[in-house]
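Colleague: Please read through the structure below; I'll follow up with questions.
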Amino acid sequence: MAPLHFQTIAELSGRLARRELTAVELIQSLIARTRALEPRLHAFNSFDEADALAQATASDARRAAGQVRGPLDGIPIGLKDVIAVTGQPLTASSKILQNFVSPYDATVTRKLKDAGAVLFGRLNCDEFAMGSSNENSAFGPAGNPWDTTRVPGGSSGGSAAALAAGEVIASLGSDTGGSIRQPAALCGLVGLKPTYGLVSRYGLVAYASSLDQIGPFGRTTEDIALVLRAIAGHDPLDSTSFKAEVPDYRAALAGPAPRRIGIPKEYFGEGLDPEIAAAVEDAVKFYRDRGCEVKEVSLPHTRYCLDAYYVIATAEASSNLARFDGVRYGHRSKAATDAIDLYAKSRAEGFGAEVKRRIILGTYVLSSGYYDAYYLRAQKVRTLIRQDFLQAFTEVDALLTPTSPVPAFKIGEKADPLAMYLLDIYTIGVNLAGLPAASVPCGFTSGGLPIGLQLIGQPFKEADLLALAHTYEQAHEWTRRHPAL
């Protein structure tokens, strides 16, 4: 049996039910591990030990009274520091929100509390979820548990690093262009970006509202299924929330998985690390050997994904971040001399370089005379990209690709913003099309770094997608390897 901190939700839930373990003992173990590892890892922006212990005590009391709320009752789950929790810091890893405390719960927070989960910590991320390495955090980068001199991916790097290191049992992140799947791949975890609208965004600090989606990290697809069941569903507080059925995703893992798999030819070109290409080819062979029909498909507008994404995402970021002006809440400059100066100095002092870069670009593409040339055109291209996926799904049930073109790289290695943007090349199309996609561990490089396999599904068919991932996971031991820390 794996050490306590590396066990799954399913395993720990069983031990709690058999009274082999209490929720207090579990969270105490994780607090001790977090204290020991954080000086090297920095996966957390902050954590509240007393609050976590109080939640665990309440869980044990429910269990003693026969009022267990389900498989997540007593399970410690970490939240990315862009998801609101009443009475806890909500910084978005930005100086402009450094001292802000949330007065309300996000809908996903409320749902996890209703399920009895022990919410533990505010997890590090790129500032306002803008980045692919966690290096844009105003509070310093997180390290990758497999090699702490390397990045854990981004923007949800802390959510991935904390789980891979055994500081939490599951975590939530947000995915705007790959921010759950890419860190999951780089840290050897399962990560799911649900269909846009399946999980409420109420209480999520917005980066790009038409692309943002909250989703879970887990050690296994079964853990992902358990957390997704708890957080999915229509929410009247989110106008983009969709009234979709929320099935028993865990039960669906035992059902038949999709058997027609498409391989987009555009995803296996220049820039793909040879070891990653070989691991993904092995996964393709696995499905083919299992009797799946595997065929090449084309997503011809893939070459425009990066351009369209960085026009649309930055335009929405420019609008969303206009609210941070030093007037109502957040950082207020002490050097301002008048109202206009207050806006300028508060934002200049509060935002980091990457956030400023994206605000400037987004403001430009929305400005008079350029809106039609850039933003409107990007939205039209987005429609073509979505149509590519939907056309492919007339021939196959799911798509299989690499998650990231490269494994985890050294902190500080990629100083060029364009080189960093290219790391999202395999993931941003899914966000533009609003589809579900999962990253599943599919091997390790010769240097011992995790490799991720991306499976892309049809809208609101997360159950099929997880069943397909579960089929692969059950035949391999990648998810049972853990970093030596």
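Colleague: Can you pull out the trypsin sites (Lys or Arg not before Pro) in the range 47-131 that DSSP calls coil and that have at most 16 other Cβ atoms within 10 Å?
Modeller: Details: sites: R62, R63, R69, K80, K95, R110, K111, K113, R122; in loops: R69.
Answer by residue number: R69.
Colleague: Net charge near E395: determine it from the other residues with C-beta under 11 Å of the C-beta of E395, scoring Lys and Arg +1 and Asp and Glu -1.
Modeller: Numbers: positive: R260, K295; negative: E293, E296, D397.
Result for the neighbourhood of E395: -1.
Colleague: Same structure, new question: Let me make sure I get this right: for the range 133-242, a, b and c are the square roots of the gyration tensor eigenvalues over alpha carbons, sorted descending. Under 1.5 in a/c it's rounded, otherwise prolate if a/b > b/c, else oblate. Which is it?
Modeller: Numbers: a/c = 2.44, a/b = 1.49, b/c = 1.64.
It comes out oblate by the Cα gyration axes.
Colleague: Something else: Pull up the DSSP beta bridges for the chain and report the antiparallel fraction as a percent, rounded to 5. Working shown, then result.
Modeller: Working: 27 of 41 bridges.
In the chain, approximately 65 percent of DSSP beta bridges are antiparallel ones.
Colleague: If you count only protein heavy atoms and use a 1.4 Å probe, how large is the accessible surface of V311, to the nearest 10 Å²?
Modeller: 20 Å²
Colleague: Got a number for carbon plus sulfur as a percent of the chain's accessible area, 1.4 Å probe? Mind dumping the intermediate values first?
Modeller: On the way: 9470 of 17920 Å².
Roughly 53 percent of what the probe reaches on the chain is carbon or sulfur.
Colleague: If ligands, DNA and RNA are left out, what is the accessible area of D48 with a 1.4 Å probe, given in Å² to the nearest 10?
Modeller: For D48, the solvent-accessible surface is approximately 60 Å².
Colleague: Compute the Rg to Rh ratio over the range 337-413 from the alpha carbon atoms, using the Kirkwood formula for Rh, and round to two decimal places. Provide the component values of the computation, followed by the final result.
Modeller: Details: Rg = 20.0 Å, Rh = 17.1 Å.
Ratio value, two decimals: 1.17.
Colleague: Based solely on its DSSP helices, what 222 nm [θ] is calculated for the chain when runs of n ≥ 4 H residues each add -39,500 (n - 2.57) and the sum is averaged over all residues, nearest 500 deg cm²/dmol?
Modeller: Details: 16 runs with 180 residues, N = 485.
Helices in the chain give a 222 nm mean residue ellipticity of -11500 deg cm²/dmol.
Colleague: Then there's this: Could you list the GluC sites (Glu not before Pro) in the range 219-316 that lie in coil according to DSSP, counting only those with at most 13 other Cβ atoms within 10 Å of their Cβ? It would help to have the intermediate numbers written out before the result.
Modeller: Values: sites: E222, E245, E266, E270, E275, E281, E293, E296, E316; in loops: E245, E270.
Sites meeting the loop and neighbour criteria: E245, E270.
Colleague: For V355, what charge total do you get from the other residues with a beta carbon under 11 Å from its beta carbon, if Lys and Arg give +1 and Asp and Glu give -1?
Modeller: +2
Colleague: With all protein chains present, calculate the accessible area of T471 using a 1.4 Å probe and round the result to the nearest 10 Å².
Modeller: Approximately 50 Å² of T471 is accessible to the 1.4 Å probe.
Colleague: With a cut-off of 8 Å between alpha carbons and a minimum separation of six or more residues, what is the relative contact order of the chain in percent? Don't skip to the answer; put the middle values down first.
Modeller: Numbers: 1133 pairs, mean separation 85.7, N = 485.
Once normalised by length, the contact order is 18 percent.
Colleague: Sticking with this one: When ligands, DNA and RNA are left out and all protein chains stay put, how many square angstrom of accessible area per residue does the chain have with a 1.4 Å probe? Walk me through the intermediate numbers first.
Modeller: Values: 17920 Å² over 485 residues.
Dividing the accessible area of the chain by its residue count gives 37 Å².
Colleague: For a test of the definition: using alpha carbon positions, the gyration tensor, and the 1.5 limit on a/c, classify the range 1-101 as rounded, prolate or oblate. Before the final figure, lay out each step's value.
Modeller: Working: a/c = 2.47, a/b = 1.62, b/c = 1.52.
Prolate.
Colleague: Considering only DSSP beta bridges with both partners in the range 78-227, what is the antiparallel share in %, to the nearest 5?
Modeller: Values: 9 of 13 bridges.
Of those bridges, close to 70 percent are antiparallel.
Colleague: Excluding V227 itself, calculate the net charge of residues whose Cβ lies under 12 Å from the Cβ of V227, where each Lys or Arg counts +1 and each Asp or Glu counts -1.
Modeller: Working: positive: K111, R219, R229, R250; negative: E222, D223, E462.
Residues close to V227 contribute a combined charge of +1.
Colleague: Counting other Cβ atoms within 10 Å, which chymotrypsin sites (Phe, Trp or Tyr not before Pro) in the range 123-220 have at most 15 and lie in a DSSP loop? Walk me through the numbers before you get to the answer.
Modeller: Details: sites: F128, F139, W146, Y196, Y202, Y207, F217; in loops: F139, W146, Y196, Y202, Y207.
Passing both the DSSP loop test and the Cβ count: no residue.
Colleague: Pull up all non-local amide H partners of G434: gap of 5 or more, or a different chain, and H-to-H distance under 5 Å with H placed in the peptide plane.
Modeller: none
The values are calculated or read from the model by the stated rules, or taken from the named source; none is laboratory data. On a predicted model such as this, the values are computed, not experimentally measured, just so you know. With ideal geometry, Cβ positions are generated from the backbone for all residues, glycine too; neighbour counts draw on all protein chains shown. Just so you know, the surface numbers come from the protein's heavy atoms only, side chains and all, with ligands and any DNA or RNA stripped out. Shrake-Rupley method; radii C 1.70, N 1.55, O 1.52, S 1.80 Å.
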